[in-house]
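Reading through the structure tokens given below for one structure.
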Amino acid sequence: AFDGNVLVAGNYHGFNVYDISSKGAPELMSSVVCPGGQGDVSIVGDLLIMSVEQTRARLDCGLQGTIGDVSGERFLGVRIFDISDLRRPRQVGAVQTCRGSHTHSVVSSDDERIIVYNSGLRDVRDEEEMAGCIDESRYGDERTALFRIDVIEIPVADPASARIVDSPAVFADPEAGT
């Protein structure tokens, strides 16, 4: 992700922030270690949004990973970092999703909120780990989280209260003829 003279390169182990203002090699300003995979990043103002979809990821960015099929320490979804101090980014929000975040797109932003579309590729999370991921009534398929895009709202003044506001089905309802 680019913002003026700043480049943020996400990776499977976190992200690096570079100053690219000089004509020579970029200057590394900071490295954030926060394992979780994918690492797609977007910058909106002083906030950095990062995709996470590996089951080893932890909410606290810990290196020890998680154990078992169900873990209260696991994080899959979108992380939000305050990058107002590029030398000391800090996580200020996180939105858990049913299938993690392989990629996301910022679709709108203003001074009050950022709207992000999220798409995950992981297996659907167990109901014991995240309730509401399986809806057996929709299309008769217990894996319905496979067919949705999460719409996430991030309040700029309070990114810790970011949340999923909608998860519409991507595919039409075959029984309704749409």
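Restricting to Cα pairs below 8 Å that are 6+ residues apart, what does the relative contact order work out to for the chain? Please round to a whole percent.
Relative contact order here is 14 percent.
What nm value, rounded to one decimal, do you get for the distance between Ser161 and Ala25 when each label is placed 7 Å out toward the C-beta?
4.5 nm
Quick check for me: using +1 on Lys/Arg Cβ and -1 on Asp/Glu Cβ, what's the dipole size of the stretch 21-146 about its Cα centre, in debye to the nearest 20?
Result for the stretch 21-146 is approximately 560 debye, rounded to the nearest 20.
Using θ = phi - 60° and the Karplus form 6.51 cos²θ - 1.76 cosθ + 1.60, what ³J(HN,Hα) does each residue of the stretch 66-72 get, whole Hz, x for Gly and Pro?
10, 10, x, 6, 10, 8, x
Under the rule of at least 5 residues apart or a separate chain, name every residue whose amide H is placed under 5 Å from the amide H of Leu47.
Those lying under 5 Å, H to H, from Leu47 are Ile83.
So, taking all protein chains as they sit and a 1.4 Å probe, how much accessible area belongs to Asp85, in Å² rounded to tens?
The accessible area comes out at roughly 70 Å².
For the chain, what is the accessible area per residue in Å², given a 1.4 Å probe and the full set of protein chains?
53 Å²
The values are calculated or read from the model by the stated rules, or taken from the named source; none is laboratory data. As the structure is a computational prediction, the values presented were derived from the model and not from experiment. Quick reminder, even Gly has a Cβ in these numbers, built from the backbone with ideal geometry, and neighbours come from all protein chains shown. The protein model used for the area step is the full one, side chains on, heavy atoms only, and it has no ligands, DNA or RNA in it. Shrake-Rupley method; radii C 1.70, N 1.55, O 1.52, S 1.80 Å.
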